[in-house]
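Here's the structure we're looking at; comments come further down.
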Amino acid sequence: MPMQEQRPKIRPGIEMLPVSHQGQPVFLLRDRWGISPDLVLKREAAMIISMLDGVKDLRDIQVMLMRQGGLSLVAMEELRELLEKLDEHFILENQRFSLRKEELSQEFRKALVRPPAHAGSAYPAEPSRLKEYLEALFGAKKQSPAHPEPGSRGRPAGIVLPHIDLERGGSCYAKGYELLKPFLGEFDLFVILGTCHLPMETPLCLTDKTFQTPLGDLVCAKELAREVCEAAGLDFFAEELVHKVEHSLEIQVVLLKYLAGQENCNFRILPVLLGGFHRVMEKRELPGAEAALEAGIRALNEVLGGFPGRYCVMASADLAHLGPQFGDPNSVLVSDLGRIEREDLAMLQWVLRGNPDGFYRHVMAEQDRRRICGLPPIYVWLRLMQGRRIHLIDYCQAHHPQCTVTFASLGAW
């Protein structure tokens, strides 16, 4: 096919962020899969990349750059050079990327451990520095009182915690884990349900890897992961590569290991990543209408029901994502925060009632305009916590005009 007739497409998992580089406004092309390196782009290149949708050919792009971008005619050779650079870094959706992804998937499936993907960026990689950091963080956050209600209720059956970065979410993490810490030595298993921030075909993904942290390892309950697949009659390991870089599980594993130390760390983990509900939401259906998801939830309930030890189910979930960075037209003002809190608390009423379908319907009625990324893990958590009393522990907002995120900690008894 002649080059000008090609219809290139940026693959899923690539995001473009406006940043400042050497004092100049530029764009950062980032791969959430961690397969491609970060690329810094000038405005012209960023405009071209935003048009690579698999529909437009290069001639269409030339015309659009002149009409909409106010640029002079971009030579076909310049477009070719940019495409070659993108292809070299596996950024285009094509056979070359598919082969590379499959190669990495096979490598990860054979590995026995999952190394920490975010040590040194989301938290210190050196053990002593990490301990100091977490001691300071948790110590400082404990000064402020928790949300009214928690009290002393004994050992929780489940807990919802944020997965936002520790700097912004430290208070909410601390208040949630404060309820869990006295009982860490009594649990044999932590089931960790996390949002998958990468595209998934299946609604649920397991791994049997030992999770490494700077403070030591946490072992996966491999036999339980296999039992879930057998009970569902499905292979929930098919997309296991998404576990390699996902932070929503990693952050909880690090905190569990830190708080348990060595003396109380006799438990294992069952890490579960959950994909988005967009397919069922577009059809105006409940999540239970997706056969694979329903089979997975039933299998989890069955396997946990037969587990002889004590377990705790954790949901690693943030709430709303608002502001221009997430696609909203307007900045988030301080005056907006009260309304955002009221909307969040109205949504969480369904969680406090233990009503997973009510929670989902509430988000669907909003057409997910507030981007509740914790919808899947909280929904599944509620399905596993049926009959439990649920209480709100803390509610927080990390405000920034360009990107505001809200989150909460909740417990089930």
Name the residue, out of P377, P124, P162, whose mean-square fluctuation peaks in a Gaussian network model built on the chain with Cα pairs under 10 Å.
P124
Measuring from the longest principal axis of the C-alpha atoms of the chain, the long axis of helix 291-305 (C-alpha) lies at a number of degrees, nearest 10, equal to 30 degrees
Give the calculated FRET efficiency between E282 and E302 to the nearest 0.05, with a Förster radius of 35 Å applied to their Cβ-Cβ distance.
0.75
Within the chain, which is the longest segment that contains none of the trypsin sites (Lys or Arg not before Pro) sitting in a DSSP loop with at most 14 other Cβ atoms within 10 Å?
154-282
Of the GluC sites (Glu not before Pro) in the stretch 226-316, those whose Cβ has at most 15 other Cβ within 10 Å and which sit in DSSP loop
E263, E285
Three-way shape label, the stretch 3-103, alpha-carbon gyration tensor, a/c 1.5
oblate
Qualifying lysines (Cα of each under 21 Å from Cα of K9; at least 8 residues distant if same chain)
K42, K56, K85, K101
Can you tell me, using C-alpha contacts under 8 Å and at least 6 residues apart, the relative contact order of the chain as a whole percent?
19 percent
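Where a number appears in this text, it was derived from the coordinates with a stated rule and is not lab data. Please read all numbers here as calculations on a predicted model, not as lab measurements. Every residue, glycine among them, receives a Cβ derived from its backbone with ideal geometry; neighbour counts consider all protein chains shown.
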